[in-house]
Each structure stands twice: as C-alpha cells, then as structure tokens.
1. From the square roots a ≥ b ≥ c of the eigenvalues of the alpha-carbon gyration tensor of segment 29-87, which class results: rounded (a/c under 1.5), prolate (a/b over b/c), or oblate?
2. Which residues in segment 2-26 place their backbone N less than 17 Å from a point set 7 Å from the Cα of ARG60 along the Cα-to-Cβ direction?
3. Search the structure for amide H atoms under 5 Å from the amide H of ASP106, placed 1.01 Å from N in the peptide plane, and list their residues when 5 or more places away or on another chain.
4. Using a probe radius of 1.4 Å on heavy atoms only, what accessible surface per residue do you get for the chain? Whole Å² is fine.
5. In nm, to one decimal, how far is the modelled label at ALA122 from the one at GLU30, with both set 7 Å along Cα→Cβ?
6. Antiparallel as a % of all DSSP beta bridges within segment 1-111, to the nearest 5?
7. Between rounded, prolate and oblate, where does segment 9-128 land on the alpha carbon gyration tensor, with a ≥ b ≥ c its root eigenvalues, rounded for a/c under 1.5, else prolate if a/b exceeds b/c?
8. Hey, any idea what % of segment 42-82's accessible area is carbon plus sulfur with a 1.4 Å probe?
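The values are calculated or read from the model by the stated rules, or taken from the named source; none is laboratory data. Source: prediction; values computed, not measured. All Cβ positions, even for glycine, are placed from backbone atoms using ideal geometry, and neighbour counts span all protein chains on display. All accessible areas refer to the heavy atoms of the entire protein, side chains included, with ligands and DNA or RNA removed. Shrake-Rupley method; radii C 1.70, N 1.55, O 1.52, S 1.80 Å.
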Amino acid sequence: MPGHVEHAAASQDGWVVVDAGTVAGFALAERKSPAGAEISWMAVDRPRRRLGLGTLLLNRMLGDLSADAVSVIEVKTLDRSSGYEPYEATRAFWERSGFVQVDTIDPLPGWPAGNPAAIYVAALRPTR
Ligand SMILES: CC(C)(COP(=O)(O)OP(=O)(O)OC[C@H]1O[C@@H](n2cnc3c(N)ncnc32)[C@H](O)[C@@H]1OP(=O)(O)O)[C@@H](O)C(=O)NCCC(=O)NCCS
C-alpha cells in the first residue's frame, strides 16, 4: 500500500493536517475532468481519529478544489454489503460530510474480487 500512496503523491494534489507539530493525516485528490475530481486516498493517524482532524482536512481540500473550479467530488470505499466492520466508520464519515452514495459496483475494475465498491459523490456547487 505505501508504494501506491507514493505513486499517487507524485502525480496528484495532496494535503496534510498537522497537529501538535506532526502530520496527523493526509489526503490526495486526482482531477478526472475540468470540473470533476476524486479523493483517491485519505487517512488520519489512528490514535488521533474522531477529533475533527479529518473534517478539518476535508474542508480545506474541498475548499481548495472548489476554488480551482471543481464542482463534483467522488470517493470510492468499501460498501456496507461487505460486512467489514472497520469501514463502517469510513462510510459514517463520508455520509456525515455530505457525500451521497450513488452506486455500488462489484467487482470494480482494479479492486480485488469480493470487495464491493460504494461510490459516493458530493456537489461543491450546483451543476445545472
Ligand atoms: C475516515 C477518517 C479519515 C475520518 O477521520 P477523523 O479525523 O476520525 O474524522 P472526524 O473526527 O472529522 O469525524 C467527523 C464525523 O465523521 C463521523 N465518524 C468518524 N469516525 C466515526 C466512527 N468511528 N464511527 C461513527 N462515526 C464516525 C462522525 O459523525 C464524526 O463526527 P462526530 O465525532 O462529531 O460524531 C478516519 O476514520 C480514517 O483515517 N479511517 C481509515 C482510513 C479510511 O477509511 N480512509 C478513507 C478511505 S475511502
């Protein structure tokens, strides 16, 4: 996994949240079209979760992307039908942050079999 992050970090826009002088989380976004982007990676240091740092990071990232003409943002995560408990927090975070699940894709190209993908989107401004 770290290899993937390094690759993405070299070619995508990245943000970090700093807390008590150390990096507590990061996020990467990939532009998919002039007005569309995907959050490709995001994580907060486990002991520092649930303190609002993810929200701080997300709000800054979405603000910057919106200022750079992005209107719609996507994120893919593990669908609830997987029954995998650790991702309940992840989906709760996206849903609490205003993301709407618009699809479930299984198998998603590039993802290992047995990992149903939940496709979430959020509007940063009206598109019509
Ligand atoms: C998803 C993640 C980035 C959230 O970061 P965070 O700093 O903990 O998020 P916040 O503290 O800003 O949480 C904001 C809200 O999300 C929801 N939420 C976050 N974690 C939750 C949990 N474990 N259970 C239920 N709701 C949760 C809550 O509504 C929370 O608000 P509240 O604490 O006032 O109730 C973090 O859990 C993480 O790194 N997870 C592992 C990696 C991951 O799943 N990345 C995303 C891949 S798509």
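1. The shape class here is oblate.
2. 13-26
3. ALA117
4. The answer is 62 Å² per residue.
5. It is 2.0 nm.
6. Just about 80 percent of them are antiparallel.
7. Verdict is oblate for segment 9-128.
8. Numbers: 1140 of 2320 Å².
Result for segment 42-82: 49 percent of the exposed heavy-atom area is carbon or sulfur.
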